[in-house]
1. Those residues that are farther than 24 Å from residue A:94 by Cα and part of a loop (DSSP other than H, G, I, E, B), I need them from the stretch A:1-30; list them, please.
2. With B:180, B:230 as the choices, which residue is at pLDDT below 85 and surrounded by 14 or more Cβ atoms within 10 Å (Cβ to Cβ)?
3. Inspect the stretch A:72-95 for any residue being modelled with pLDDT under 90, surrounded by fewer than 20 Cβ atoms within 10 Å (Cβ to Cβ) and either under 30 Å from residue A:214 (Cβ atoms) or within 11 Å of chain B (Cβ to nearest Cβ) (or both) and give the result as yes or no.
4. Is it true that residue B:62 is of a type in the set (Phe, Trp, Tyr), out of contact with any Cys (no Cβ under 7 Å at 6 or more places or on another chain) and surrounded by 14 or more Cβ atoms within 10 Å (Cβ to Cβ)?
5. Kindly indicate the residue of the stretch A:20-30 that is at the interface with chain B (Cβ under 9 Å from one of its Cβ atoms) and free of Cβ contacts under 8 Å to residues at least 40 places away in the same chain and also nearest to residue B:7 (Cα to Cα) among those meeting that condition.
6. Does residue B:60 qualify as being under 60 Å from the mean Cα position of the chain (by Cα) and either of a type outside the set (Ser, Thr, Tyr) or more than 7 Å from every other protein chain (Cβ to nearest Cβ) (or both)?
7. Could you check the stretch A:31-60 and list, in sequence order, the residues that are within 8 Å of chain B (Cβ to nearest Cβ), part of a loop (DSSP other than H, G, I, E, B) and either of a type in the set (S, T, N, Q) or exposed (fewer than 11 other Cβ atoms within 10 Å of the Cβ) (or both)?
Amino acid sequence: MESLPVLFYLGPLGITATVVTTWGLLLILALGSWLVTRGLSRDRPGLVQTALEGGVQAVEAAIEAVLPGRGSLLLPFIGTLWLFIALANLTGLVPGLHAPTGNLSTTAALALLVFLSVHWFGIRATGLGPYLRHYLAPSPLLLPFHLLGELSRTLALAVRLFGNIMSLEMAALLVLLVAGLLVPIPVLMLHIIEALVQAYIFGTLALIYIAGGMQSGPDSSFHRSGPSP
Amino acid sequence: MAIDWTTFALEVVNFLVLVWLLQRFLYRPVREVLARRQAGVTRTLEEARQAETAAAELQAQFERRLADWEAEKAHLRAGLQAELEAERGRQLQALTQTLAAERERQQAQEAHRQDQQRHELEGQAIQVARGFATRLLSRLAGPELERRLIDVFIEDLAHLPQERLAELDAAALGEERRVLITSAFPVAEVQRQRIAAALNARLGRSLALSWAEDAELLAGLRVALGPWQLDLSLADELDGFAQAGNHGG
């Protein structure tokens, strides 16, 4: 096992380049959000505001397509997943930087958050008892398989994103080594597409897992209007 | 590649912080703007619906007023028509009466005019007849005719009523018993004596007679006694005929 190089220590914590890059992304996203939402107008939206509203509504619509009536509840988590992973994946295009999602620690952290979110939203939607009982359905004998499935899909989430982004960077590096400067643009375009596709896949899978958790209870109906208490 | 647990933990924290930051600076402001806009659109739609409802109410009110106005107009028109009919009847009646009165007045005027015209024609006819008779009698007149008229005069004088004689007698006293006797032709002495004798005998006293001639008499005598005169001449008879014709017509 290769350990990550530590850039500096913050107390007892060794800060790696991945964390610094993530902080940079946090700063960019937070600052950018603050800047573009400073002067939102109700009656006269500009071009940027229109694009921003369109993006937010598109994410909410995608969530509503899977979980009707839960768009506002899941928008912060799912939207942030898509935005952060897409931006993190694209970071690899910047010379001298590596995508944080090319690090298994980051993807594992995201997968863990998805894992926890599934149970959090599931328990909120159905209650603790009904939610836990769905692991015993249709037969208690299937409990190990349920648990195995939870772990395996979480692991798959982390490894899929990590593997794809790491292999993408490695493939690009190999192509550049072999072909020199003849193919940088196709490789960059492939990188962009792959980065966006992987972000979409991760976020969509997270949404589907959460939806499965929220719909697991016997009296859970997400077609009813209004969020659950 | 191995998992660096510090990085793992920091990435968990980083993502949660990012979720909070984006919720605070991105999702919430955008959703609030969208909600405000949606509320504005809803309010505008509600206002439009209210305006539509008000417009429909106004239209219904206008149509009701229009219907009321039409009914009132028909009522007023019927009343006016009735008044016009009554007024027309009154006017026609008044006009009929006026026409009848005018017709009567015209008929009276026409009758008067015709009567006057007839009277004038009769007068003219009498004058014409008098002219014819005058011309005819002028040709027939002569001493012989006058002598016969003197005989008739003496005969009429003998049959003169008593009250007329009294009047003549009174007149003869006031004029100093002077009597003017006018004839168309010279009267022979014999005839004069017959006339004087007849007058004296009838009035009972002797009268002073004076004699005159007037061809206008055509033939006959005119005896003037004060304001009274006795006529028996063709001219006087023709005048009497003409006057009788005028008064009789």
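The values are calculated or read from the model by the stated rules, or taken from the named source; none is laboratory data. Nothing here was measured: the structure is a model prediction, and the numbers come from that model. Note: ideal-geometry Cβ built from the backbone for every residue, glycine included; neighbour counts use all protein chains shown.
1. A:1, A:11, A:12 - these are the residues of the stretch A:1-30 that are farther than 24 Å from residue A:94 by Cα and part of a loop (DSSP other than H, G, I, E, B).
2. Selected residue: B:230, the only one of B:180, B:230 that is at pLDDT below 85 and surrounded by 14 or more Cβ atoms within 10 Å (Cβ to Cβ).
3. Scanning the stretch A:72-95 turns up at least one residue that is modelled with pLDDT under 90, surrounded by fewer than 20 Cβ atoms within 10 Å (Cβ to Cβ) and either under 30 Å from residue A:214 (Cβ atoms) or within 11 Å of chain B (Cβ to nearest Cβ) (or both).
4. No: the conditions fail for residue B:62.
5. This residue is A:23.
6. Considered against the rule, which asks whether it is under 60 Å from the mean Cα position of the chain (by Cα) and either of a type outside the set (Ser, Thr, Tyr) or more than 7 Å from every other protein chain (Cβ to nearest Cβ) (or both), residue B:60 comes out as yes.
7. Listed by number, the residues that qualify are A:37, A:41, A:43.
A quick yes/no check of all residues on (1) closer than 22 Å to residue B:222 by Cα; (2) surrounded by 11 or more Cβ atoms within 10 Å (Cβ to Cβ); (3) within 59 Å of the chain's Cα centre (by Cα):
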{"site": "B:118", "(1), (2), (3)": "no, yes, yes"}
{"site": "B:132", "(1), (2), (3)": "no, no, yes"}
{"site": "B:142", "(1), (2), (3)": "yes, yes, no"}
{"site": "B:149", "(1), (2), (3)": "yes, yes, yes"}
{"site": "B:186", "(1), (2), (3)": "yes, yes, no"}
